[in-house]
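S.K.: I'd like to ask some things about the structure below.
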Amino acid sequence: MIYTVTLNPALDRFIVVEELLAEDTTRIRSEAPYAAGKGINVSRVIRELDGQSVALGLVGGYEGLQLEGLLINAGVMTDFTRISGETRTNLILREEKKDRQYVISATGPEVNATEIGLFFQNVNQIRNMDYLILRRKPPSRRHTESLWSTYPCRGKEECFHHPGHRWKIIARIHSVSADLY
C-alpha cells in the first residue's frame, strides 16, 4: 500500500464573483470546497489512475472533518492524526470580469510535541506499507523539523531521494523496482 503524508493540509474554498466592489456588497456566484495539500494531491492522482493509497497527516476541528469527508467522498482513503488546532482554510477568489484570481493562504495551526508523537506512533503501527511519500522540505511549523529529519527507516527499508524532486520515498527493499523515478 502507498501512504502519502500532508502535515499542513488545507481546506481550499474556491469562490467566484463577477467583480470585486470596494466598500460595497459583492455577491458570490459559486463556491466549492477542496481538500488540498502536497501528499493529498499525490493520493488523488493515484486514485485517478485506479490505484490505492492512504492519505496521512494532521487535521483538526470542523475544517479537518470537512477536509477528510471530501477526500472520502472522492474515493481517497484517509488515516489522519487529530490535533487540537483548526485545519487551515485558504481562499481562492476568482474575479470573472477582470479575469483575475487571488489566493489568500492561511498559516497552519501550531502542533505540539504530543501530537507529533501520536503521528509517529500511528505511522509506526502501519504494517502494510510499501511506500511512504512525503515532502522533503517541512512546512514552517513548530516541532515539525524534528519529524522530517528523524523519521527512521524501519527494518529492511531504505530511504530514497532524487535531488531533482521535492519528495522522499521510503520503501521496503522487496517492493522497490529498478526504476523508482
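S.K.: In the range 40-69, what residues are in a loop (DSSP other than H, G, I, E, B) and either loosely packed, with under 14 Cβ neighbours inside 10 Å or among the aliphatic types (A, V, I, L, M) (or both)?
M.R.: Matches in the range 40-69: Leu49, Asp50, Gly51, Gln52.
S.K.: Looking at Val5, Val45, Val103, Val16 in this structure, which one is under 21 Å from Asn124 (Cα atoms) and either free of Cβ contacts under 8 Å to residues at least 12 places away in the same chain or not basic (Lys, Arg) (or both)?
M.R.: Among Val5, Val45, Val103, Val16, only Val5 is under 21 Å from Asn124 (Cα atoms) and either free of Cβ contacts under 8 Å to residues at least 12 places away in the same chain or not basic (Lys, Arg) (or both).
We did not get these values from a lab; they are worked out from the coordinates using the rules stated. On a predicted model such as this, the values are computed, not experimentally measured, just so you know. Cβ atoms come from the backbone with ideal geometry, glycine included; neighbour counts cover every protein chain shown.
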